[in-house]
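Student: Quick one: the structure is below, and I'll ask about it shortly.
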Amino acid sequence: MAACPRWTHGAGCSKECDCFQEHSTGCDPKTGSCFCKAAYHGPQCEKECAHGFFGARCEQPCDCPGGGSCDPRTGECNQRCPAGFYGDKCQLGCQSWNYGESCRLTCDCEGAPCDSVTGQCICPSGKTGPSCRKDCPDGFWGLMCQSSCPNCGIRGTCNKQTGVCDCKPGFTGNLCQNECPPGFHGPGCLMRCSCHPDATCDPQTGRCICPPGKRGHDCATSCESGYWGQECLSKCECKEICLGCDPVTGQCSCEAGFTGDHCEKKCMAGSYGQGCAQQCQCQNEALCEHVSGACTCSPGYAGTYCEKMCPDGFYGLDCGQMCECRNGARCHHITGACLCTAGWAGPHCILECPDGHFGEQCSQTCECQNGARCDHVTGHCSCAAGWTGVSCQLPCPAGQYGEHCSGQCLCQNQGSCDSMTGQCSCPPGWTGATCELECEEGRFGENCTQACSCTNGGKCDRVIGRCVCLPGWIGKLCQSACSKGFFGDGCEQSCDCVYSSSCNHVTGLCECEPGWRGARCDKPCLPGSYGASCVQRCRCHAGVSCHHETGSCGCPAGLTGPGCEKPCPAGMFGQNCSHLCQCSGDQEQCHPVTGKCSCLPGYYGARCEIRCRAGTFGPNCKSRCSCINGGRCDFRTGTCYCPPGFIGADCSSSCPSGYYGKDCAKLCSCGEGGQCHSATGKCICPPGRIGQSCQQACPRGRYGLQCRNTCGCQNGGLCDPADGSCKCGLGWIGRRCDTACSQGKYGVDCVQDCPCLNNGTCDRFTGTCSCTAGYYGHSCQHRCSSGFFGVNCAHTCDCKVGQACNHVTGQCVCPPGYNGPQCQRRCESGRFGLSCGQTCDCVGEAPCDPSTGQCLCPAGRTGQRCEKACGGDRFGPDCSLPCQCSHRARCDGLNGRCLCPLTWLGSTCSEALLHQTPGPLNFSVSQRKRRAGSKTT
């Protein structure tokens, strides 16, 4: 069988060892006997070794000279210190609970300190005797019982610790000379009586003494029905028709509707109820019932007091008959006759007004147009699709259609929509439900119904069907290629070829004559080749020229070079350019073939000495100049030299906008819309501008061309320098800014709406609000903050509590719990809330919070109405404090004092009652230390 775990023993190891664990190593697994460590003994190893013993169970005597003490664990002899001291050098004084040699002895003073040398007890206040176990004798109190008690009389006893009189229940005062004040009882008069306010309370026991008509432990219950008087012992003597009698006087109380000494009479006409004290309130000749005051109404009336006519839909006696009127018609509350509403007619108001009429008694005539329907009640016109306006006189606005013109047209690309159906009519070139689709390739016109007839790849304009031709083609249907010498888009580009009959009508690529090559056909064939595209090879002998066009060997007269491509050099002519020219004039030239002399272009005369006259140019001056706008013509070539302000081959074009001068090369400097003279660059200013570059606006007060006109704007309005129109300043309007903004408008052109709220007024210039008393903010949207009132919230509230007042008048708004003009008065006892208008509902005259009405319970009471006593674990006002009593001691709900069990002492019952036992340390102290988990040394 396995050994029990440490600290357990018995059958199944089910019991726990009852040993002081810090002083033992375990217990016997069978018997539970504790195995004590060295220096300890006792059944639970709870005792330290007595003086002169050591080791396990303290069974070995110390062997020290002169009978000295030894270490209780090892037996090693200790140094003996004189009485009152201990320590390895005897330098330490004894603790307050030890005394004697080496401080080995323990004081026996009921927990009080003792003299460290002699062990004599130093008793606390109120205690005496060798071990401080006795109270001071009667008549004395305090330290060493030296003070004399006051005369507490028979109503109290002297407290031996404090010298204060502890009064018996029902008495108070420093000598217990006063009875408890009304409403209080018990020890110290601390307990509030729980009696009804009309009752009195026994100051000692708290028992309630009830007045006549009241009963119960708190006198809050009235006498049972049929009884009255002191302690409710008298029986009422009333007849059957009564509610009993007055619980105080015994006077009979009659049932409602009856009166008299014996309740035998009904109330007189016009009165009813308890004691016939209430006046009947029935109206419209209704009868009044004598008990309840209930009214019996005449025909046509209803309500608690017959004050109402029958509700709509009912008439007659008790409003019990149902009207037969229809369509919202009312019927007469007495007769039931129908009063028809607008738009209806007939005995029961079930017939609509005839067509063309509406309103009360169908007396008004409809004014609806274009097939609109007229509402027989209101006359409101319900327009047919496509029409709008009060009388349906207007077609739908552009972009809208249908009933109420509520449909939004979806037509795109400038399509128009039918005002009734919303169907789109597309412009030429577009199709689709919303005109969202372009005509497909090859179609054009309205709804894309026409077919294109363009040829040679030309594309057709989807709107009018005009053909847009590809480069190289022209004609209405793109049927014709470009004329000779032209190519490209619209055949507008000229061929740039020298020796060529034409160029490609699409690309402009030159088609060279035989013997020529290059992009412009301006280069002769290379030596050794000739003919079309220079692909043929010459067959001439070496050194003989081969004509680059024909391939013939040898050059004709006037030409030279390997391919006969060059004319004869100046001064030479004829075959092989071998002849010398005979022309002698400076402006003459020699024909390269014949040698005949002729004038150079720009000259004429027998010796070519005369220049061409103005307006002519070229060979023999036979050509006429074409320059216009004063352009000068070159007498040799006919080239035009244009004057400043003109440009172009014949000077026909004026300078483009922004340029001027010779060849239009200079930039104009005219700003602000000024026009620049094309020749001189001088600026021509628009209305409202002046200055060399039109950089200056007209001076204030002037406008128009060259600022000739005078402005007429008033009240600081700005004048437009171009046309003189007025731009008004803030707060003004009108053609000449002579009219102030109307009420509620402000700002530029008086178009802004004033934002002022709460009756604030608005500055017509800036829109700034002037607020009425009690408001502030840019729109007067804020009420004065708490504590302020009046115009601009400039005044402070003069209130004693809360500082809240009416934001306009400054009248104080008192918080709950206060009243008075300045909230200067706290609610009287028993009242609370706004204006102190509510009554406290607390048991035993407990006060309540004047703001919230929450009951403020006295010591020992709690609950919403202070109706409950404190439980055993709490005390004080509203039982708010936790008791501090140990070992299940009871706690006084009033003051928190602990009522200790027999074996415990102290303010919290945590001190064990000490038992006198031999030895340096008694059993009770060791037990307490073990429970506290402290280590004894």
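The values are calculated or read from the model by the stated rules, or taken from the named source; none is laboratory data. This structure is a prediction, so every number in the text was calculated from the model and none was measured. Cβ placement follows ideal geometry from the backbone for every residue including glycine, while neighbour counts extend to all protein chains displayed.
Quick grid of which residues meet (1) on the phi > 0 side of the Ramachandran plot; (2) touching a strand residue (DSSP E or B) at 6+ places or on another chain (Cβ under 6 Å); (3) not in a loop (DSSP other than H, G, I, E, B):
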residue	(1), (2), (3)
CYS583	no, yes, no
GLY630	yes, no, no
ASP650	no, yes, no
SER669	no, no, no
SER678	no, yes, no
GLY681	yes, yes, no
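Student: If you don't mind, another one. Can you work out which of the residues in region 19-47 that are among the polar types (S, T, N, Q) and touching a strand residue (DSSP E or B) at 6+ places or on another chain (Cβ under 9 Å) is farthest from PRO5 (Cα to Cα)?
Tutor: By that ranking, first place goes to GLN44.
Student: Oh, and also: With the checklist (1) among the small types (Gly, Ala, Ser); (2) at pLDDT 85 or above; (3) under 30 Å from ASN447 (Cα atoms) in hand, flag the one item SER382 doesn't pass.
Tutor: (3)
Student: When residues of region 241-279 are filtered for being out of contact with any His (no Cβ under 9 Å at 6 or more places or on another chain) and either in contact (Cβ under 8 Å) with a residue 40 or more places away in the chain or of a type outside the set (Lys, Arg) (or both), how many remain?
Tutor: Total meeting the criteria: 23.
Student: Sticking with this structure for a sec: Only one residue in CYS750, CYS754 is free of Cβ contacts under 8 Å to residues at least 24 places away in the same chain, surrounded by 15 or more Cβ atoms within 10 Å (Cβ to Cβ) and on the phi > 0 side of the Ramachandran plot. Which one?
Tutor: Sole residue among the options that is free of Cβ contacts under 8 Å to residues at least 24 places away in the same chain, surrounded by 15 or more Cβ atoms within 10 Å (Cβ to Cβ) and on the phi > 0 side of the Ramachandran plot: CYS750.
Student: Among the residues of region 134-159, how many are loosely packed, with under 14 Cβ neighbours inside 10 Å and either in contact with a helix residue (DSSP H, G or I) (Cβ under 7 Å, 6 or more places away or on another chain) or not charged (D, E, K, R) (or both)?
Tutor: Residues meeting the conditions: 7.
To keep it simple, each residue is scored yes or no on (1) hydrophobic (A, V, I, L, M, F, W, C); (2) under 30 Å from THR221 (Cα atoms); (3) not in a strand (DSSP E or B).
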{"position": "LYS239", "(1), (2), (3)": "no, yes, yes"}
{"position": "VAL248", "(1), (2), (3)": "yes, yes, yes"}
{"position": "CYS263", "(1), (2), (3)": "yes, yes, yes"}
{"position": "MET268", "(1), (2), (3)": "yes, no, yes"}
{"position": "GLN281", "(1), (2), (3)": "no, no, yes"}
{"position": "ASN284", "(1), (2), (3)": "no, no, yes"}
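Student: Return the residues of region 404-418 that are modelled with pLDDT of 85 or more and within 26 Å of GLY356 (Cβ to Cβ); say none if nothing qualifies.
Tutor: CYS405
Student: Return yes when LYS235 is at negative phi, of a type in the set (D, E, K, R) and touching a Gly at 6+ places or on another chain (Cβ under 7 Å) and no when it is not.
Tutor: It is true that LYS235 is at negative phi, of a type in the set (D, E, K, R) and touching a Gly at 6+ places or on another chain (Cβ under 7 Å).
Student: Would you pick out the residues in region 76-100 that are touching a Cys at 6+ places or on another chain (Cβ under 6 Å) and either within 23 Å of PRO130 (Cα to Cα) or crowded, with 19+ Cβ neighbours inside 10 Å (or both)?
Tutor: Selection gives CYS81, GLY84, TYR86, CYS94, TRP97, TYR99.
Student: Here are some residues: GLY275, GLY270, GLY244. Which one is under 30 Å from VAL843 (Cβ atoms), at pLDDT below 85 and surrounded by fewer than 18 Cβ atoms within 10 Å (Cβ to Cβ)?
Tutor: It is GLY244.
Student: Within region 564-578, is even one residue polar (S, T, N, Q) and touching a helix residue (DSSP H, G or I) at 6+ places or on another chain (Cβ under 9 Å)?
Tutor: No - not one qualifying residue is present in region 564-578.
Student: Which of (1) part of a loop (DSSP other than H, G, I, E, B); (2) closer than 28 Å to LYS308 by Cα is the odd one out, the single condition GLN369 does not satisfy?
Tutor: All conditions are met except number (2).
Student: Could you tell me whether ALA11 is surrounded by fewer than 20 Cβ atoms within 10 Å (Cβ to Cβ), without any contact (Cβ under 8 Å) to a residue 60 or more places away in the chain, out of contact with any Cys (no Cβ under 8 Å at 6 or more places or on another chain) and among the hydrophobic types (A, V, I, L, M, F, W, C)?
Tutor: yes
Student: Okay, next question. Pairs, please: C-beta under 8 Å, at least 6 apart or cross-chain, first residue assigned to a loop (DSSP other than H, G, I, E, B) and in region 529-547, second surrounded by 19 or more Cβ atoms within 10 Å (Cβ to Cβ) and among the aromatic types (Phe, Trp, Tyr)?
Tutor: Within 8 Å, the pairs are CYS538/TYR530; HIS547/TYR530.
Student: Is it true that SER131 is more than 24 Å from GLU911 (Cα to Cα) and either surrounded by 16 or more Cβ atoms within 10 Å (Cβ to Cβ) or out of contact with any His (no Cβ under 6 Å at 6 or more places or on another chain) (or both)?
Tutor: Criteria not met by SER131.
Student: Another question, if that's okay. So which residues in region 60-93 are closer than 24 Å to HIS23 by Cα and free of Cβ contacts under 8 Å to residues at least 12 places away in the same chain, if there are any at all?
Tutor: Hits for region 60-93 are PRO61, GLU76, GLY87.
Student: To continue, here is another question. List the pairs whose first member sits in region 503-522 and is at positive phi and buried (at least 18 other Cβ atoms within 10 Å of the Cβ), whose second member is among the hydrophobic types (A, V, I, L, M, F, W, C) and not in a loop (DSSP other than H, G, I, E, B), and whose Cβ atoms are under 8 Å apart, counting only residues at least 6 apart or on separate chains?
Tutor: GLY508/PHE487; GLY515/CYS534; CYS521/CYS510; CYS521/CYS512
Student: Out of curiosity, is THR162 of a type outside the set (Asp, Glu), surrounded by fewer than 17 Cβ atoms within 10 Å (Cβ to Cβ) and in contact with a Phe, Trp or Tyr (Cβ under 9 Å, 6 or more places away or on another chain)?
Tutor: So THR162 fits the description; yes.
Student: Output the residue which, of all residues in region 334-344 that are modelled with pLDDT of 80 or more and crowded, with 17+ Cβ neighbours inside 10 Å, is farthest from TYR301 (Cα to Cα).
Tutor: The extreme case among them is GLY343.
Student: Right, here's the next one. Looking at region 227-240, which of its residues are touching a strand residue (DSSP E or B) at 6+ places or on another chain (Cβ under 9 Å) and either without any contact (Cβ under 8 Å) to a residue 12 or more places away in the chain or charged (D, E, K, R) (or both)?
Tutor: GLU231, LEU233, LYS235, GLU237, LYS239
Student: Return only the number of the condition from (1) at pLDDT 85 or above; (2) in contact with a strand residue (DSSP E or B) (Cβ under 7 Å, 6 or more places away or on another chain); (3) surrounded by fewer than 15 Cβ atoms within 10 Å (Cβ to Cβ) that GLY313 does not satisfy.
Tutor: It fails just one condition, (1).
Yes/no per residue for (1) small (Gly, Ala, Ser); (2) buried (at least 20 other Cβ atoms within 10 Å of the Cβ):
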residue: ASP375; (1), (2): no, no
residue: ALA398; (1), (2): yes, no
residue: CYS409; (1), (2): no, yes
residue: ASN413; (1), (2): no, no
residue: THR421; (1), (2): no, no
residue: SER425; (1), (2): yes, no
residue: ALA433; (1), (2): yes, no
residue: GLU436; (1), (2): no, no
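Student: Please specify each residue of region 436-460 satisfying the condition of being of a type in the set (D, E, K, R) and either over 18 Å from GLY490 (Cβ atoms) or within 58 Å of the chain's Cα centre (by Cα) (or both).
Tutor: Within region 436-460, GLU436, GLU438, GLU440, GLU441, ARG443, GLU446 meet the criteria.
Student: Can you confirm whether CYS497 is out of contact with any Pro (no Cβ under 9 Å at 6 or more places or on another chain) and within 27 Å of LYS566 (Cβ to Cβ)?
Tutor: yes
Student: Now a separate question. Any residue that is more than 29 Å from CYS597 (Cα to Cα), in a strand (DSSP E or B), in contact with a helix residue (DSSP H, G or I) (Cβ under 7 Å, 6 or more places away or on another chain) and not acidic (Asp, Glu) - is there at least one of those in region 517-527?
Tutor: Scanning region 517-527 turns up at least one residue that is more than 29 Å from CYS597 (Cα to Cα), in a strand (DSSP E or B), in contact with a helix residue (DSSP H, G or I) (Cβ under 7 Å, 6 or more places away or on another chain) and not acidic (Asp, Glu).
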